[in-house]
Amino acid sequence: MVTCYDTWSAKIINDSAIDCILIGDSASMVMHGHPSTVHAHVDMMSAHVQAVSRGAPNKFLIGDIPFLAHRKGFEPLMNTVEILMKAGANSVKLEGARGHLEEISHIVESGVPVMGHLGLTPQSVNQLGGFKVQGKGEETARQIFEDAKALEQAGCFSMVLECIPAPLALEITDALSIPTIGIGSGPDTSGQVLVLQDMLGMDPGFQPKFVRRYLDGYQLIKDAVNHFDADVKAGNFPVKKESFV
Ligand code: KIV
């Protein structure tokens, strides 16, 4: 799985072997420059889901429920689910378990697949004290394990395990019958997810331990833009075959 927020990159992923696309609320950081995902909102997520669904009609799309939208009662939550599904999502993802397990079951019983998200849940960054590995201690590891079981019980079809120790991710994956998708949680989850811009090396200042860069996208794009600039300033662009006569 990779994240995606826009049509042009969705078209590329649509033609790739990637199984599914997460329209993550990380859009608020990657695409809008906010310091956290707390700034994502339903309209923002809906616009990104629409853009991706136009570019990737052949992929399974997971739309992220933004900050607090699942904590304000059933009606606002179900309105959010409806907006994301009508925007083109095939399922929704929401963070955490405690306090909204009934809501998750209600979404599932309404015919909408739900992906869970445990460990480092970025919407809780202010409570977690930063973007830190979770579940290192015995007590927090046990809580995450129990939450994973509860999410499966509530009807989730899969769950993201973000930044937890690899042995805990393995233990959870072994204990569940639904697939786990890891990010920063070692090699033993059922699948893996990365933020597209991270794996493409679009931000040279952002290199967390768990990201592998498959491209130096920042440098390649900068070089291409500078090449265009140099060609124009040298009078090398456009030439005759690039002009109408
Ligand atoms: O919003 C997001 O991109 C995510 C992934 C990091 C799993 O939730």
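Data overview
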quantity: Theoretical FRET efficiency, 1/(1+(r/R0)^6), r = Cβ-Cβ of Asn58 and Asp216, R0 25 Å, to 0.05; calculated: 0.30
quantity: Added length on full extension, which subtracts the Cα-Cα distance from 0.36 nm per residue, Phe157 to Val108; calculated: 16.7 nm
quantity: CD proxy at 222 nm, helix term only [per DSSP H run n ≥ 4: -39500 (n - 2.57); per residue of the chain; nearest 500]; calculated: -12000 deg cm²/dmol
quantity: Gained length - Gln127 relative to Arg71, 0.36 nm times residue gap less alpha-carbon distance; calculated: 18.6 nm
quantity: Rounded FRET efficiency, nearest 0.05, which uses the C-beta distance separating Asp203 from Arg98 and R0 of 41 Å; calculated: 0.80
quantity: Cα convex hull volume per residue for region 1-152 (Å³); calculated: 113 Å³
quantity: Residue-normalised accessible area of the chain, given per residue in Å² at a 1.4 Å probe; calculated: 52 Å²
quantity: For the chain: relative contact order, % (alpha-carbon pairs under 8 angstrom, 6 or more apart); calculated: 13 percent
quantity: Alpha-carbon centroids, region 193-233 and region 36-65: separation in whole Å; calculated: 22 Å
quantity: Net length gained if the chain between Phe237 and Val225 were fully extended (0.36 nm per residue, minus Cα distance); calculated: 3.0 nm
quantity: Accessible carbon and sulfur surface of the chain relative to its total accessible area, %, 1.4 Å; calculated: 56 percent
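The values are calculated or read from the model by the stated rules, or taken from the named source; none is laboratory data. Fair warning: this is a prediction, and the values are worked out from it, not measured in the lab. When we count neighbours, we look across all protein chains shown, and the Cβ atoms used for this are built from the backbone with ideal geometry, even at glycine. What goes into the accessible areas is simple: the full protein's heavy atoms, side chains included, and nothing from ligands, DNA or RNA. Shrake-Rupley method; radii C 1.70, N 1.55, O 1.52, S 1.80 Å.
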